[in-house]
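Written below as structure tokens is the structure these notes are about.
Please treat every number below as a calculation from the coordinates, not as lab data. Not measured: the values here are computed from a predicted model. FYI the Cβ positions are ideal-geometry reconstructions off the backbone, even for glycines, and counts take in every protein chain you see.
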Amino acid sequence: MLTGDQDMLQLVSDTVTVAIMKKGHGNYALYTPDYLMEERGLRPAQIIDVKGLMGDASDNYPGVKGIGEKTALKLIQEYGSIDGILERLAELPATVRTKIENDLEMLELSRQLARIHCEVPLSLGLDGCCWTLDRPRVAAKFEELEFGGLLKLIG
């Protein structure tokens with residue numbers, strides 16, 4: 001899967017590799033479970049908890065106010081999950097503990113919103129997802145719109 005969306009890292013598995021686009025044309029990182037662990041010290045399922053803690057402005061959920069990516073990563077790496085953090089809340093530094101305690105409801109909502117639900121029933125098979133280019137029709141439209149550069153690309 002090729003994407004610029006870091007949320008997709010929760011889908012990484014032995015059968016799913018996520019290619020995250022980086023800056024620069026054709027520059028991307030291929031995330032497998034091993035590479036995710038090597039680069040971020042996380043398992044794919046932990047991406048959900050990191051996002052739940054830190055939030056995601058582009059997806060419009062806030063996480064815990066005052067906890068950013070660095071702190072969220074550190075907490076999940078140390079305690080394994082949000083549940084692990086909550087079980088050992090007393091061990092956290094007072095400032096972090098207070099932030100979490102004051103935002104428990106938003107933490108749970110953000111965690112729910114961060115999770116990609118894969119249990120959706122699909123009636124469309126893989127064959128139905130294939131797309132082929134109708135070159136004559138596309139060429140006619142490109143000519144009509146005077147898209148000479150694009151017309152050359154479809155040959």
- prompt: Between R97 and E78, what length comes free when the chain is fully extended (0.36 nm per residue of separation minus the Cα-Cα distance, one decimal in nm)?
  reply: 5.4 nm
query: Can you give the helix-only mean residue ellipticity at 222 nm for the chain, where every DSSP H stretch with n ≥ 4 adds -39500 (n - 2.57) and the sum goes over all residues, rounded to the nearest 500 deg cm²/dmol?
result: -13000 deg cm²/dmol
task: Anything over 19 Å Cα to Cα? Flag those among K51/K74; K70/K99; K23/K51, in the order listed.
output: K23/K51
- prompt: For the range 69-155, taking Cα atoms only, what is the radius of gyration to one decimal and the Dmax to the nearest whole Å?
  reply: 25.5, 68
query: With the dipole of the range 9-155 worked out from charges on the C-beta (+1 for Lys and Arg, -1 for Asp and Glu) around the Cα centre, which of F147, C129, L104 lies farthest toward the positive end?
result: F147
message: Can you tell me the length gained on complete extension of the stretch L151 to T32, counting 0.36 nm per residue apart and subtracting the Cα distance?
response: 39.1 nm
